[in-house]
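Chemist: I'd like to ask you about the structure that follows.
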Amino acid sequence: MSKRLNPSIFKVPIDKIRTGYYADKYFTRFVEVLKKDGLKRNALYQFFPRKDSVIVGIDEALSILKFCTGYYKDEPKAMELFEKIQMLEKKLQEAAHRMDKAELLAITSQKWDYRMLLNELWVNKSSEIDVHALFDGEEARDMEPVLTIQGNPAYFGHLETVLLGVLARASSTATSVKKVVKASRGKPILFFSARFDHYWVQATDGYAALKAGAFGVSTDANADYWGAESAGTIPHALIACYNGSTSEAAIAFDKYIDGSVNRMVLVDWDNDVIGTTFKVVEDFYRYVRSEKFNWTREEADSIIGPGKNKIWGVRFDTSGTLRDRSVIPKDRSSLGVNPELVWTARKEFDNRNLNNLKIVVTGGFDEEKINLFETLNVPVDVYGVGAKLLREKVDFTADIVEVDSRPCAKVGRGKGDLSRLQKVSSSYWL
């Protein structure tokens, strides 16, 4: 049975969302008009994607609704306190850069005094809204409602921008990841997209990727909501610091990195993934066993596998502008990590009794390229996918479709099929 994440997991900037800091002005003014006119309506809001997609962001949206549905009973006073908090946050940042502990403690104490006063002004109305939603990870059709909120929009209308953004970002990532997961036919997908966007979105992206079926993520922030551990290979930078010696970098990595981490060696530094792999295996065996490697199956299996003193796999990351030394030149298909390179490497590895050595491929992989590799039955063990997982864009829209139990929607819109949505329990809002 599907479960909702605990709302406290999400790092919701409560004060900023309550005050409309992240909201489009037309939504804060919409709420302002309702309040000042004393207009009370029971509206049904529905949120839906603008294309078929994997829906993630529901739990974060619910967390925002829980903490930020309501109003300030003295708005001028609330805004005055919020401005003071904003000013103190700037001073806090300056003190943090100076590592001035005494000032940090003093400012933090003052900031929290203001926050407590601000919170005392807040009237929480989350228990007065009725919410139905899909679960994170479910798929939805174009324009199918995935979340509905029923209640007085004066309490939650200021949240529309933030809710749409949360759903759009996470669902975009999840939809893209789901496509490559399906294309890989069950082979693991590593989500290596952190370097291609702002670090603020890493937790959301990582959570979305894992909900969509990714095998692993590359940063601790990516894994934050799950409590999982991030994964990673030996980078080019480490090889560079060992003067271009992949073997020395791999040995140093094994010496100093926790034994629970699988050793995945990047082997394209010299544009010769097969030759570099053979050298690394020989040198690694000598490092572990203090004797020459004779290429027997028994010797190979003794240093291939998970954990310390073993090589779990090798990663091919040949640039799309280069042809690996083992590839026979033909046309553009000979560049980068291509089927011929992997087939040739797998054959050479197996001929040398490295049958259990995994091959991880990265560099320009997306749904189309993975589909090609799987259609050709290319012997890849793991796909690492990066920038192209962030190019999918799923837009979301929200509409009021009923007011006081009567249909009320702009032309071309109307109440959708809500049959798949599950009621969010009243206990969630407590």
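Chemist: Counting residues that are in the same structural domain as Y71 (by TED's automatic domain parsing), in contact with a His (Cβ under 8 Å, 6 or more places away or on another chain) and of a type in the set (D, E), which strands (runs of 3 or more DSSP E) fully inside segment 95-153 reach at least 2?
Modeler: none
This table checks each residue for (1) of a type outside the set (A, V, I, L, M, F, W, C); (2) assigned by TED's automatic domain parsing to the domain that holds R263; (3) under 29 Å from the mean Cα position of the chain (by Cα); (4) farther than 18 Å from T246 by Cα.
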site	(1), (2), (3), (4)
E282	yes, yes, no, no
E298	yes, yes, no, yes
R332	yes, yes, no, yes
P339	yes, yes, yes, yes
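Chemist: Restricting to segment 368-385, and then to whatever is surrounded by 20 or more Cβ atoms within 10 Å (Cβ to Cβ) and touching a residue at least 60 places away in the same chain (Cβ under 8 Å), can you tell me which residue is nearest to I274 (Cα to Cα)?
Modeler: Checking each candidate, the answer is V380.
Chemist: Then there is this: What's the total number of residues in segment 171-192 that are hydroxyl-bearing (S, T, Y) and assigned to a loop (DSSP other than H, G, I, E, B)?
Modeler: Number satisfying all stated conditions: 1.
Chemist: Quick one: in segment 130-149, of everything that is out of contact with any Leu (no Cβ under 8 Å at 6 or more places or on another chain) and not aromatic (F, W, Y), which residue is farthest from L210 (Cα to Cα)?
Modeler: In this case the residue turns out to be D130.
Chemist: Taking the condition crowded, with 16+ Cβ neighbours inside 10 Å, in the same structural domain as V360 (by TED's automatic domain parsing) and not acidic (D, E), does I304 pass? Don't jump to the end; show me each part of the working.
Modeler: Details: crowded, with 16+ Cβ neighbours inside 10 Å: yes; in the same structural domain as V360 (by TED's automatic domain parsing): yes; not acidic (D, E): yes.
Answer is yes for this residue.
Chemist: What's the number of the only condition in (1) in contact with a Ser or Thr (Cβ under 8 Å, 6 or more places away or on another chain); (2) farther than 16 Å from P153 by Cβ; (3) modelled with pLDDT of 95 or more; (4) part of a helix (DSSP H, G or I) that I85 fails to meet?
Modeler: The failed condition is (1).
Chemist: Is it the case that F27 is assigned to a strand (DSSP E or B), touching an Asp or Glu at 6+ places or on another chain (Cβ under 9 Å) and either of a type in the set (F, W, Y) or under 15 Å from L163 (Cβ atoms) (or both)? Before the answer, list the steps.
Modeler: Numbers: assigned to a strand (DSSP E or B): no; touching an Asp or Glu at 6+ places or on another chain (Cβ under 9 Å): yes; either of a type in the set (F, W, Y) or under 15 Å from L163 (Cβ atoms) (or both): yes.
Judged against the criteria, F27 is not a match.
Chemist: Does segment 251-266 hold any residues that are in a loop (DSSP other than H, G, I, E, B) and touching a Gly at 6+ places or on another chain (Cβ under 9 Å), and which are they?
Modeler: Answer for segment 251-266, where residues must be in a loop (DSSP other than H, G, I, E, B) and touching a Gly at 6+ places or on another chain (Cβ under 9 Å): G259, S260, V261, N262, R263.
Chemist: Give me the residue from segment 58-70 that is out of contact with any Lys or Arg (no Cβ under 7 Å at 6 or more places or on another chain) and not charged (D, E, K, R) and, out of that set, surrounded by the fewest Cβ atoms within 10 Å (Cβ to Cβ).
Modeler: The qualifying residue surrounded by the fewest Cβ atoms within 10 Å (Cβ to Cβ) is F67.
Chemist: Of V146, V131, V177, which residue is of a type in the set (V, I, T), buried (at least 24 other Cβ atoms within 10 Å of the Cβ) and in contact with a Pro (Cβ under 8 Å, 6 or more places away or on another chain)? Step through it out loud before you land on a result.
Modeler: Numbers: V131 fails: in contact with a Pro (Cβ under 8 Å, 6 or more places away or on another chain); V177 fails: in contact with a Pro (Cβ under 8 Å, 6 or more places away or on another chain).
None of the others qualify; the one that does is V146.
Chemist: May I pose another question? Which of the residues spanning segment 71-84 are surrounded by fewer than 19 Cβ atoms within 10 Å (Cβ to Cβ) and farther than 18 Å from Y114 by Cβ?
Modeler: none
Chemist: Here is a check on your reading of the model: is D52 modelled with pLDDT of 95 or more and surrounded by 13 or more Cβ atoms within 10 Å (Cβ to Cβ)?
Modeler: yes
Chemist: What do you reckon, is F192 surrounded by fewer than 23 Cβ atoms within 10 Å (Cβ to Cβ) and of a type in the set (A, V, I, L, M, F, W, C)?
Modeler: So F192 fails the test.
Table: residues versus (1) within 30 Å of W295 (Cα to Cα); (2) touching a His at 6+ places or on another chain (Cβ under 6 Å); (3) in the same structural domain as V162 (by TED's automatic domain parsing); (4) of a type in the set (A, V, I, L, M, F, W, C).
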{"residue": "E348", "(1), (2), (3), (4)": "yes, no, no, no"}
{"residue": "I359", "(1), (2), (3), (4)": "yes, no, no, yes"}
{"residue": "D366", "(1), (2), (3), (4)": "no, no, no, no"}
{"residue": "K423", "(1), (2), (3), (4)": "no, yes, yes, no"}
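Chemist: For segment 263-291: of the residues being surrounded by fewer than 17 Cβ atoms within 10 Å (Cβ to Cβ) and of a type in the set (S, T, N, Q), which is nearest to F316 (Cα to Cα)?
Modeler: Per the stated criteria, the residue is N271.
Chemist: From the set of residues in segment 386-430 that are loosely packed, with under 13 Cβ neighbours inside 10 Å and free of Cβ contacts under 8 Å to residues at least 12 places away in the same chain, which is farthest from L341 (Cα to Cα)?
Modeler: Only one residue fits best here, namely R406.
Chemist: Taking segment 63-82 as the search range and keeping residues that are touching a strand residue (DSSP E or B) at 6+ places or on another chain (Cβ under 7 Å) and in a helix (DSSP H, G or I), which one is farthest from S425 (Cα to Cα)?
Modeler: Of everything passing the filter in segment 63-82, A78 is farthest from S425 (Cα to Cα).
Chemist: Something else: Could you list all residues from segment 30-62 that are more than 25 Å from S171 (Cβ to Cβ), part of a helix (DSSP H, G or I) and in contact (Cβ under 8 Å) with a residue 12 or more places away in the chain?
Modeler: Result: V31, L34, K35.
Chemist: Another question, if that's okay. Within segment 314-324, can one find any residue that is under 20 Å from N351 (Cα atoms), among the small types (G, A, S) and assigned by TED's automatic domain parsing to the domain that holds D220?
Modeler: No - not one qualifying residue is present in segment 314-324.
Chemist: Looking only at segment 188-224, count how many residues are in contact with an Asp or Glu (Cβ under 7 Å, 6 or more places away or on another chain) and under 14 Å from Y383 (Cβ atoms).
Modeler: 1
The values are calculated or read from the model by the stated rules, or taken from the named source; none is laboratory data. Only a predicted model underlies this, so the values are computations on that prediction, with no experimental measurement involved. Don't worry about glycine lacking a Cβ; one is built from the backbone with ideal geometry, like all the others, and counts go over all protein chains shown.
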